[in-house]
2 protein chains.
Amino acid sequence: MICTVDETALTARTYGLGMRAEDIVEDFPVVRTDSPALDAVRMVADQRLPGLMVTDTSGKPYAVLAAADLLRFILPRYVQDDPSLAGVLGSSTAGHAADNLRGKTIADLLPKHLTHVPVAKAADGTIAVAAEMLQVRSPLIAVTKDGKLHGVITASRLLAAALES
Amino acid sequence: MICTVDETALTARTYGLGMRAEDIVEDFPVVRTDSPALDAVRMVADQRLPGLMVTDTSGKPYAVLAAADLLRFILPRYVQDDPSLAGVLGSSTAGHAADNLRGKTIADLLPKHLTHVPVAKAADGTIAVAAEMLQVRSPLIAVTKDGKLHGVITASRLLAAALES
């Protein structure tokens, strides 16, 4: 008697962490380095996004900014320079948060020397994706195919995939 | 001629960053250190939450776990110990992510020595709240009144408040 293994059936029975990055990419808004900064931050605020996925003008992943990272850009300059002043000075100096962003592009906000951008390949296993996101504590990871952005995975989506049985 | 200033009208005209923490707290689910870990992680996954707000059994803020932090607990133990193994070993070893969490409480997952828990007082200005969240790159902050958790503010909610004119 010859036993044959139905590979497709086996795959279907593996758990969420057995899937590949391209199986769980999400519909997630993406901005470019030359996108208006105010619109991008407003989008994160309005859609309650966990962060911002930024590509360069060729569509290559360039930066991931967590929602908390974006708080820097709505703070008055004196608090950005010295956060300990935040509690000392009154709210009367708050000014218009939107004014800090108006007329600027995403590239204007980003530091000159970017930190590590979390990226996975479309064929990467979700364990590798989770390990990468965990290491940089990123709420988002870029999924690439042929060097271009293929999709985005959020940490909560990855948790959901992992818990699917 | 005596000029009187209508303080209420002035306050109403200040921008989002001129508000206080208690003005913008959100309806956000909270778990306790003795809550079941699997239910908590499933809640973050299902509701696409940016993270988990944990109090101790007396209602005092105890920990904030970003969604990305939670990925640690659904990874196989060998990847937790050495993330570089994530890409080397196949997905067949993934096992059941939920099994890593079943029967455990939140307290079982938390490190023995907790890192800084982001907390603001109800009367703190939103600039101070934003500065605190930015410093620890936290997607959530606990807002306390009389030492107890009064509410939660997410980074995206704070961005929205700051951009309100």
Quick one: what pairs do we get from segment A:8-33, first residue away from chain B (no Cβ under 12 Å) and exposed (fewer than 13 other Cβ atoms within 10 Å of the Cβ), second modelled with pLDDT of 95 or more and in a loop (DSSP other than H, G, I, E, B), C-beta under 8 Å, 6+ apart or different chains? A:Pro29/A:Gln47; A:Pro29/A:Leu49
Can you name the condition, by its number, that A:Gly147 falls short on among (1) at negative phi; (2) more than 16 Å from the chain's Cα centre (by Cα)? (1)
Hey, A:Val136 hits all of (1) surrounded by fewer than 19 Cβ atoms within 10 Å (Cβ to Cβ); (2) under 17 Å from A:Thr33 (Cα atoms); (3) under 12 Å from the mean Cα position of the chain (by Cα) but one; which does it fall short on? (2)
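Residue-by-condition table, conditions (1) of a type in the set (D, E, K, R); (2) at pLDDT below 95; (3) farther than 30 Å from B:Ile74 by Cα:
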site: A:Gly87; (1), (2), (3): no, yes, yes
site: A:Thr93; (1), (2), (3): no, yes, yes
site: A:His96; (1), (2), (3): no, yes, yes
site: A:Leu109; (1), (2), (3): no, yes, yes
site: A:His113; (1), (2), (3): no, yes, yes
site: A:Lys121; (1), (2), (3): yes, no, no
site: A:Ala142; (1), (2), (3): no, no, no
For A:Met53, only one of the following conditions fails: (1) under 14 Å from the mean Cα position of the chain (by Cα); (2) surrounded by fewer than 22 Cβ atoms within 10 Å (Cβ to Cβ). What is its number? (2)
Given the options B:Ala155, B:Ala123, B:Ala130, name the one that is surrounded by fewer than 23 Cβ atoms within 10 Å (Cβ to Cβ) and either under 23 Å from A:Asp81 (Cβ atoms) or in contact with a Lys or Arg (Cβ under 7 Å, 6 or more places away or on another chain) (or both). B:Ala123
Just for segment B:53-73: of the residues that are charged (D, E, K, R) and more than 11 Å from every other protein chain (Cβ to nearest Cβ), which one is nearest to B:Ala40 (Cα to Cα)? B:Asp56
Filter segment A:126-145 down to residues that are in contact with a strand residue (DSSP E or B) (Cβ under 8 Å, 6 or more places away or on another chain) and either acidic (Asp, Glu) or facing chain B (nearest Cβ under 7 Å) (or both), then give me how many there are. 6
Do we find that B:His116 is away from chain A (no Cβ under 11 Å) and outside any strand (DSSP E or B) in this structure? yes
Output for Cβ contacts, cut-off 8 Å, separation at least six or different chains, first residue at the interface with chain A (Cβ under 7 Å from one of its Cβ atoms) and assigned to a helix (DSSP H, G or I) in segment B:153-165, second surrounded by fewer than 24 Cβ atoms within 10 Å (Cβ to Cβ) and aromatic (Phe, Trp, Tyr), reads B:Ala162/B:Tyr15
Considering residues of segment B:34-50 that are more than 7 Å from every other protein chain (Cβ to nearest Cβ) and touching a residue at least 12 places away in the same chain (Cβ under 8 Å) only, the residue surrounded by the most Cβ atoms within 10 Å (Cβ to Cβ): B:Ala40
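The values are calculated or read from the model by the stated rules, or taken from the named source; none is laboratory data. Just so it is clear, the model here is predicted, and its values are computed rather than measured. Cβ: placed from backbone, ideal geometry, glycine included. Neighbour counts: every protein chain shown.
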